[in-house]
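The values are calculated or read from the model by the stated rules, or taken from the named source; none is laboratory data. All of these numbers come straight from a predicted model, not from anything done at the bench. Please note: Cβ atoms are built from the backbone with ideal geometry, for glycine as well, and neighbour counts cover all protein chains shown. SASA here: full protein model, heavy atoms, side chains in, ligands and nucleic acids out. Shrake-Rupley method; radii C 1.70, N 1.55, O 1.52, S 1.80 Å.
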Amino acid sequence: MHIAQLACLPLLGAGLCAQWTLANPIPSPGNRAGHAMAADDLGNVLLFGGTATVAPLDQTWRFDGVAWTQLAPATAPSPRGLASLVYDPVRARFVLYGGWASAFSIGTASNQTWEFDGANWTQVVPPTSPPGLWKHGACFDLARNRVVVYGGARNGFPSAENATWEFNGANWTQVATTGNPGPLERPAMCFAANFGRTVLFGGANPQTGGSDVTWLYDGAAWQALPIVGPKPTPRTGAKLAYDSVRGVCVLTGGQDPVTGALCTDTWELQGAAWTQSPGSFAPGRDFGLAFDPVRRVVVRYGGIAGAGINGETWWYGARSELYGAGCFGSNGVPALTPDDAPRLGFGWPLTLANANLAAPVAALALGLTNAPGLPLDVIGMPGCTAWASADVLLAGPATGGIATWTVQLPANPALVGVRLYAQGLSLDLGWNAAGLVSSNAVDGLAGR
């Protein structure tokens, strides 16, 4: 296994950017905001409801990391917006609660509880339910195996709740907590396994304004977390997602409750400290946010931006994607695959398969730019194509047609958002004039 220090690449001139990348798969749910969204343990992101214009929707969509698919369950909740959706891994169910079912700001919110098992929605009718709520925060408490709901509003008037409710799969219970964050609409919530508690940030009380306090809830008490150093500004309509791999809460977006300006920053909470990610990001509020544990990225969809409601899919985190195609050699078409994404402070593992069985070595072209499908016929490699710049060429031992490399990335925050491109080369003497055949390429986005 060959270890290459990324510091040898000319990265100092690379521009800084956040680790958000625009995906925009086709098809997609289209423009919408106020939808409910969560992800299961298998990396399936589920989206329900929201609004594209004024009236709420009742569509169910699933994102598998490649494409959005509209599902057609036999039964489904009625149209609604600003409901909550969390995933219960114990019972393998998505749990939907509340929401606003009207196109106008009159009436009351729903108090319905629905569950989705991957194929169909089923309405649950527990003995006790919270009053109809929308604009509330919610998450699933993995330490105590229950849904936690906080705050929200009952109707379309400017008022907020300060109650804590829990759902154990059979019944809802209002918890008489010690302390609470006060009446809040649109707070951001997630469960953080590193704390073993629910985390709540922001939200706004229509009567008094917004909050920049970070709260922890353990099932009995809400406590303000003493933050060391900088922290996000007050905001409402932001979202929190817990990165279970790195053990951090990711906060993004929202709206300043005083000026109405949309936030463009992204923050991570680890321990008692918030750290702002480098660069700015597309502004927005009331979007969907969920952590995909399989691809190890936070997924954001839609929301209200400066130009109105959008339908964009974004990823946050290090990523690796395949592109281009290889050419035939004596052992088929060489295939380069990443075993993970390029993460700061760790190695980026790459494997080349289908290389020449008789060759003791193979090569990896590593660069900072992707080649636009440059034909290699002129250098004696007919049918082969260059997909990545060869800023660095790494040799590695090959056994049984397989070679591996690990590209080590320094733990330097300045490298967040840097794109790396890699392509494999198999030594295949006698196959063509150059004695080489090439693989597909890999596009890597450096991040945490």
- request: Under 1.5 on a/c is rounded, so check that first for the chain, then, if it is not, pick prolate when a/b is larger than b/c and oblate when it is not; a ≥ b ≥ c are the square roots of the alpha carbon gyration tensor eigenvalues.
  value: prolate
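Remind me, relative contact order of the chain in percent, using alpha carbon pairs under 8 angstrom and six or more residues apart?
Relative contact order for the chain comes out at 14 percent.
Over the chain, average the accessible area per residue using a 1.4 Å probe and give it in Å², no decimals.
For the chain, the solvent-accessible area averages 39 Å² per residue.
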- line: Note, the range 39-46: 3J(HN,Hα) by Karplus (6.51, -1.76, 1.60, θ = phi - 60°), whole Hz, Gly/Pro = x, goes 10, 8, 6, 9, x, 8, 9, 9
query: For the pair Val66 and Gln207, how long in nm is the line joining their label points, each one 7 Å along Cα→Cβ?
result: 5.3
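Could you compute the net charge surrounding His136? Neighbours are other residues with a C-beta less than 11 Å from the C-beta of His136; K and R count +1, D and E count -1.
Result for the neighbourhood of His136: +1.
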- request: Quick one: plug the Kirkwood hydrodynamic radius of the range 89-245 (C-alpha pairs) into Stokes-Einstein at 20 °C, 1.002 mPa s, and report D in µm²/s.
  value: 133
- prompt: Average projected area of the Cα convex hull of the range 25-80, in nm²?
  reply: 4.0
message: Of all beta bridges DSSP finds with both residues in the chain, what is the antiparallel percent, to the nearest 5?
response: 95
- prompt: At 25 °C and 0.890 mPa s, what whole-number value in µm²/s does Stokes-Einstein give for the translational diffusion of the range 288-347, with Rh from the Kirkwood sum over Cα pairs?
  reply: 167
field: Total charge dipole magnitude, the range 33-120, about the Cα centre, Cβ charges on Lys, Arg, Asp, Glu only, Debye to nearest 20
entry: 200
field: Accessible area in the full protein assembly, largest first, 1.4 Å probe, for Ser439, Ser78
entry: Ser78, Ser439
statement: Here the equivalent ellipsoid of the range 193-310, derived from its Cα gyration tensor, has semi-axes (largest first, whole Å) of 22, 19, 13
query: What fraction, in whole percent, of alpha-carbon pairs in the range 360-420 exceed 17 Å separation?
result: 57
- request: Take the Cα of Asn111, step 7 Å along the line toward its Cβ, and report every residue of the range 156-199 whose backbone nitrogen sits under 17 Å from that point.
  value: 156, 161-168, 170-175
message: If you build the convex hull over the alpha carbons only and average its shadow over all orientations, what do you get for the range 194-251? Give it in nm² to one decimal.
response: 4.7
query: Using unit Cβ charges (K, R positive; D, E negative) and no other charged atoms, how large, in debye to the nearest 20, is the dipole of the chain about its Cα centre?
result: 620
statement: Whole-percent carbon and sulfur contribution to the accessible surface of the chain (1.4 Å, no ligands, DNA or RNA) stands at 57
field: Simple Cβ-charge dipole of the range 216-299, Lys/Arg +1 and Asp/Glu -1, about Cα centre, in debye nearest 20
entry: 100
field: Counted charge near Ala119, where neighbours are those whose Cβ lies closer than 12 Å (Asp, Glu -1; Lys, Arg +1)
entry: 0
- prompt: Given a 1.4 Å probe and the protein chains all in place, what does the accessible area of Glu166 round to, in Å² to the nearest 10?
  reply: 10
